[in-house]
Amino acid sequence: MDVITMPSTYSLLNRLRRDFPGFRFEKSTGFWWSAAGQTIHIDPLADNCDVFTLHELSHAILGHRGYEYDIDLVKLERDAWEYARNILGSEYDVTINEQIIQDNLDTYREWLHARSTCPDCEATGLQTKQQTYRCLACGHLWRVNEARLCALRRYSLQTK
């Protein structure tokens with residue numbers, strides 16, 4: 001039976017567990033930070049595992065717990081990438097390529113754009129409260145689902 005080992009990833013994880021005993025590092029099928037469990041979920045077999053691990057650790061160190069407005073999520077992501085690249089990357093000798101950062105941030109920018117697009121006239125809307133948008137062009141009001149890990153749904157809150 002072949003065993004896949006990722007010495008640099010496991011070495012980094014051992015250092016991070018020692019340096020950050022207040023956080024748990026848990027093997028997963030993706031990368032995310034759970035503030036409730038103080039747990040950083042990582043996929044040790046993924047490409048750029050060290051980079052994404054430092055990014056999620058940055059969320060933990062920066063105390064990211066949640067957000068009210070969708071644009072705030074984009075800011076949290078940007079802040080975590082900056083911290084990972086500028087602080088943790090040099091501390092742990094992990095090079096974080098700007099293209100990886102921008103590609104990742106693009107997914108959030110696209111998510112935000114899709115949520116803020118009016119389902120009536122396709123103009124850009126403005127978020128008025130959590131998960132609720134109003135179109136700047138036609139005044140249409142709609143609600144969106146969470147849609148970070150599932151398909152986006154937009155529900156009209158008014159009829160014509």
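We did not get these values from a lab; they are worked out from the coordinates using the rules stated. Nothing here was measured: the structure is a model prediction, and the numbers come from that model. Here the Cβ positions follow ideal geometry from the backbone for every residue, glycine too, while neighbour counts run over all protein chains shown.
Here are some notes:
- With a Förster radius of 25 Å applied to the beta-carbon distance between Asp79 and Tyr10, the computed FRET efficiency rounds to 0.35.
- What the pair-distance distribution of the stretch 117-156 shows, using all Cα-Cα distances binned every 10 Å from zero, is 35, 54, 11 percent.
- Inter-label distance, nm, simple model (7 Å from Cα along the C-beta direction), Leu152/Ile71: 1.7
- For the chain, a crude dipole built from +1 on the beta carbon of Lys and Arg and -1 on the beta carbon of Asp and Glu, taken about the Cα centre, is about 760 debye to the nearest 20.
- Computed over neighbours whose Cβ is under 13 Å from that of Ile40, the net charge equals -2, Lys and Arg +1, Asp and Glu -1.
- Average projection area in nm² (convex hull over Cα atoms of the stretch 58-160, one quarter of hull surface): 7.3
- Where labels lie 7 Å past Cα in the beta-carbon direction, separation of Asn145 and Leu112 in nm: 2.3
- In the chain the longest region clear of chymotrypsin sites (Phe, Trp or Tyr not before Pro) that are loop-assigned by DSSP and have at most 15 other C-beta atoms within 10 Å covers 70-160.
- When the GluC sites (Glu not before Pro) in the stretch 38-79 are filtered for DSSP coil states and for at most 13 other beta-carbon atoms within 10 Å of their beta-carbon, the remaining sites are Glu68.
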